[in-house]
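Here's the structure we're looking at; comments come further down.
Just so you know, all these numbers are worked out from the coordinates, no wet-lab data involved. Values in this document were obtained by computation on a predicted structure and should not be read as measured data. Note: ideal-geometry Cβ built from the backbone for every residue, glycine included; neighbour counts use all protein chains shown.
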Amino acid sequence: MRAGMKLSCFATSALVWGCLALGGCTGVASPAAAPTPTPSLQQRIEAAHTPAGHAALAAYYNGEATAARAKAAEHRDMIQAYRKQVAGGHGNANMETHCNSLIKGYESMATDYESMAASHRQLAEQAKP
């Protein structure tokens, strides 16, 4: 089980750091921190001119925010697991640091997604049917 948790944290850390290295996400609270839209998402964004189109995008971004918060919670649980690895509750401080960094990033992404959802809800109210 420990190897699986280490692999998961390492894999997630590698993914996030890879994104940062490639400029795909900044780790800063901004819409740019979101993953690159898929072509279908890109098309939905470009076509969103109706209340329903914006409502659908708001729902999508709410789902992404929920997923990001779930990943943050997963890393909070990993911290607890790492703390149990060493007597005295200190665990692997290096892994705890990595997980805390990921938690911060996921929470920031969730906040960004929630902001994007709120913007689309507002656009849905203003759009003509």
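Taking 30 Å as R0, compute the FRET efficiency from the Cβ-Cβ separation of ASN100 and ALA59 and round it to 0.05. Once rounded, the FRET efficiency stands at 0.50.
With r as the distance between the Cβ atoms of GLN43 and ALA127 and R0 = 25 Å, compute the FRET efficiency 1/(1 + (r/R0)^6) and round to 0.05. Spell out each step's value before the answer.
Numbers: r = 17 Å, r/R0 = 0.69.
FRET efficiency, ALA127 to GLN43: 0.90.
Give the calculated FRET efficiency between ARG76 and THR36 to the nearest 0.05, with a Förster radius of 30 Å applied to their Cβ-Cβ distance.
Details: r = 27 Å, r/R0 = 0.90.
My answer for the efficiency is 0.65.
Taking 0.36 nm per residue of separation and subtracting the Cα-Cα distance, what length does fully extending GLN85 through ALA118 add? Walk me through the numbers before you get to the answer.
Working: separation 33, 0.36 × 33 = 11.88 nm, distance 4.16 nm.
So the chain would gain 7.7 nm between GLN85 and ALA118.
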